[in-house]
Amino acid sequence: MTEPQTGDLNRSRVVHISVDPTINFEVPKPIRKQRESDEEAGEGNEDDDSDREITNSRPCMDSDGLLNVEELCSFIGSSPIIPLRSAYGDVLGLGAEGVETHGQRTQKTDERKGTHEPAYTSYTHFWKNTLDYIFFSTPDNCQATVEAILKPHRTEDMGDGLPKQDICGSDHISLAAKITFITDPKERR
């Protein structure tokens with residue numbers, strides 16, 4: 001992990017009031033998620049960016065049980081590699097009329113992973129990117145087929161950002177997929 005990634009992860013290790021009701025609801029100073037690269041890039045006024053504030057939370061403690069950076073890296077490094085598939089990548093990789101993909105938006109036309117994901121899954125005034133995915137794995141004795149996906153919103157419908165009335169009540173776009181796992185051609189589950 002790079003130093004900026006480690007810093008971002010450490011700053012995001014918080015416990016929200018919904019998990020620990022003893023947290024004072026009026027946090028005197030919100031925990032700020034800030035990276036030096038944001039300031040250097042001139043991406044706007046930090047004070048106006050509510051997406052960078054983690055409010056009504058406290059930094060996590062060892063007793064909360066959240067993995068620290070070293071433990072997380074060790075866990076990931078010791079886990080068996082399970083091949084994952086992306087529901088949206090499977091369907092959009094076949095071509096879906098009227099759906100902009102991440103690869104089209106970033107002008108990456110090769111077959112790198114992520115190229116066939118939706119162009120955006122988080123779309124705010126301050127931040128627009130692909131953050132959300134539906135990953136799944138197929139057990140050795142099964143065959144998996146993505147039957148359908150929920151079509152993402154068109155970029156032009158999202159205007160300056162979400163949430164937006166009559167479009168989406170969140171700054172994240174809803175993702176859904178119907179995946180069928182078959183162990184025997186006569187049996188569907």
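Based on the Cα atoms of region 58-114, what semi-axes does the equivalent ellipsoid have, where each is the square root of 5 times one gyration tensor eigenvalue, given in whole Å with the largest first? List each step's numbers first, then the result.
Details: eigenvalues 255, 48, 24 Å².
Equivalent-ellipsoid dimensions as semi-axes: 36, 16, 11 Å.
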Worksheet entry | Inter-label distance, nm, simple model (7 Å from Cα along the C-beta direction), D160/I182 | 5.0
Response to the item:
Expressed in nanometres to one decimal, the distance between label points 7 Å along Cα→Cβ at W127 and T106 is 1.6
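If we sort 87-98, 59-70 on the protection proxy, mean other Cβ atoms within 10 Å, highest first, what's the order?
Values: 87-98: 16.0, 59-70: 11.7.
Highest-to-lowest ranking by the protection proxy: 87-98, 59-70.
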Worksheet item: Computed over the Cα atoms of region 102-180, what is the ratio Rg over Rh, Rh following Kirkwood?
Response: 1.03
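Computed from the coordinates by the stated procedures, all read-outs in this text should not be read as laboratory data. Everything quoted here is computed from the prediction, not taken from an experiment. Backbone-built Cβ (ideal geometry, glycine too); neighbour counts: all protein chains shown.
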